[in-house]
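For reference, the structure discussed in these notes is given below.
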Amino acid sequence: MREERPLTPEQRRLVEVIADALYQRGPGMAFTGAGISTESGIPDYRGPNGLWSRQNPTHFRDFLTDPAVRLRYWERRRARYPVLAAAEPNDGHRALARLQVAGYLDVIVTQNIDGLHQKAGSPPERVIELHGTAHLIRCLSCEARWPAEAFDPGPPGTVPDCPLCGGLVKEATVAFGEPVPRELLERALTLAEATPVMLVIGTSLAVVPAAHVPRRAARSGAFVAIVNDEPTPLDREAHVVVRGRAGTALAYLADLLTGDRLKADQGLTVR
Ligand code: APR
């Protein structure tokens, strides 16, 4: 687990600007990526210790056509899923849930497949999982679905198939080359066009069409705030960029807007 790093005075000031924007113009929405879950012990993909620095992602076309790729896919899932299933939400997930319950955030659009927003208390109907969820297994032929804990993938070295139709099965997630469900993407883009405030948390914005969502908000005149450990392609269009850890920054943001004591200290009048 990485050490706690308190916010610098400059980071606190920037978070206070975000709090003011949400307070004056909210409710807003959030767009999250793997960087909000690293503090829960789940590696991201392109950060310094990212998953893609250690292994190549599975492409959907190869999964469909190559038995060796399917075997590698299921061996990786047998190794990785227990980490996802055991992970607990961190201060960042909990802060966004608090802001949703308090009415400062409406919907969270996430690229993550770990379900930690919902586990932190975000209402499921206000979380859009653009890349699906690792907690469901789906058959690519008959579209049957099972909760992960109710699906036995068989022993290591084997590839499960659909117990109903014998078809190919995989996580109910969007692999490279697999389309993002159109209705989810359309809903996310429509919300992004209308939102007055867009929080962009823990994402490199390297993957489309997901990365179009915060970009659409920026182009539609939203106040855009980015909290990310590294630069992103949207930094130039953002009103605020907090270069730092999502958990600490978001916890302070939620305290400012939902903790009355802090609100009084910071001169934010009670909503
Ligand atoms: N606080 C703030 N930022 C963080 C933290 C943290 N604790 N930990 C990591 N980050 C930053 C990293 O510096 C990186 O810029 O989060 C970003 C994560 O970027 P990616 O690893 O590219 O993850 P993401 O943007 O979610 O990837 C999008 O790519 O591989 C596909 O389907 C996968 O949904 C994923 C998509």
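The values are calculated or read from the model by the stated rules, or taken from the named source; none is laboratory data. Just so you know, these numbers come straight off a predicted model, no measurement behind them. Positions of Cβ are generated from backbone atoms using ideal geometry, with glycine treated the same way; all protein chains shown enter the neighbour counts. Areas reflect the complete protein model, heavy atoms only, side chains present, ligands, DNA and RNA absent. Shrake-Rupley method; radii C 1.70, N 1.55, O 1.52, S 1.80 Å.
Tabulated results
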item: For the range 132-148, 3J(HN,Hα) per residue [Karplus equation, 6.51 cos²θ - 1.76 cosθ + 1.60, θ = phi - 60°, Hz, x = Gly/Pro]; result: x, 9, 6, 8, 10, 10, 10, 8, 6, 9, 9, 6, 5, 10, 9, x, 3
item: In Hz, Karplus ³J(HN,Hα) per residue of the range 111-124 (6.51, -1.76, 1.60; θ = phi - 60°; x = Gly, Pro); result: 8, 7, 10, 8, x, 6, 5, 5, 5, 7, x, 5, x, x
item: Between 0 and 90°, nearest 10: helix 182-194 axis offset from the chain longest Cα axis; result: 10 degrees
item: Quarter of Cα convex hull surface for the chain, i.e. mean projection, nm²; result: 14.3 nm²
item: Per residue, in Å², the accessible surface of the chain once ligands and nucleic acids are set aside, probe 1.4 Å; result: 46 Å²
item: Span per principal axis, largest first, for the Cα atoms of the range 16-166 (Å); result: 55, 35, 27
item: Listed residue (THR38, GLN118, ALA85) projecting farthest to the positive dipole end of the chain, Cβ model; result: THR38
item: DSSP-defined beta bridges in the chain - what % are antiparallel, rounded to 5; result: 30 percent
item: Order of exposure, largest accessible area first, which applies to LYS170, LYS119 with probe 1.4 Å; result: LYS119, LYS170
item: ARG94 accessible area, 1.4 Å probe, all protein chains in place, Å² to nearest 10; result: 100 Å²
item: Sulfur and carbon atoms: percent of accessible area, the chain [1.4 Å]; result: 55 percent
item: Gyration tensor (alpha-carbon) shape descriptor, the range 131-226, a/c threshold 1.5; result: prolate
item: Per-selection Rg to Rh, the range 1-81 - Cα, Kirkwood hydrodynamic radius; result: 1.17
item: Karplus-derived 3J(HN,Hα), 6.51/-1.76/1.60, for each residue of the range 216-226, Hz, glycine and proline x; result: 5, 5, 4, 5, 8, x, 6, 6, 10, 10, 10
item: Amide hydrogen neighbours beyond the local backbone of LEU136, cut-off 5 Å, H modeled; result: ALA148, ALA172
item: Approximate shape of the range 52-93 as ellipsoid semi-axes (Cα gyration tensor, √5λ), whole Å, largest first; result: 26, 12, 9
item: Between 0 and 90°, nearest 10: helix 91-101 axis offset from the chain longest Cα axis; result: 70 degrees
item: Under DSSP loop assignment and at most 16 Cβ neighbours within 10 Å, longest GluC sites (Glu not before Pro)-free interval of the chain; result: 5-142
item: Sequence of HIS131, HIS93, HIS59 from largest to smallest accessible area, 1.4 Å probe; result: HIS59, HIS131, HIS93
item: Debye equation applied to the C-alpha atoms of the range 95-254, log10 I(q)/I(0) at 0.10 Å⁻¹; result: -0.43
item: Cα gyration tensor category, rounded, prolate or oblate, for the range 125-177 with a/c compared to 1.5; result: prolate
item: Long-range amide H partners of VAL200 with built H, under 5 Å; result: PHE31, ALA225, ILE226, VAL227
item: Overall form of the range 183-233 per C-alpha gyration tensor (a/c, 1.5; a/b vs b/c); result: oblate
item: Lys, Arg +1 and Asp, Glu -1 on Cβ, resulting dipole of the chain about Cα centre, debye, nearest 20; result: 220 debye
item: Under 5 Å, built H, 5+ apart or other chain: amide partners of SER141; result: LEU168
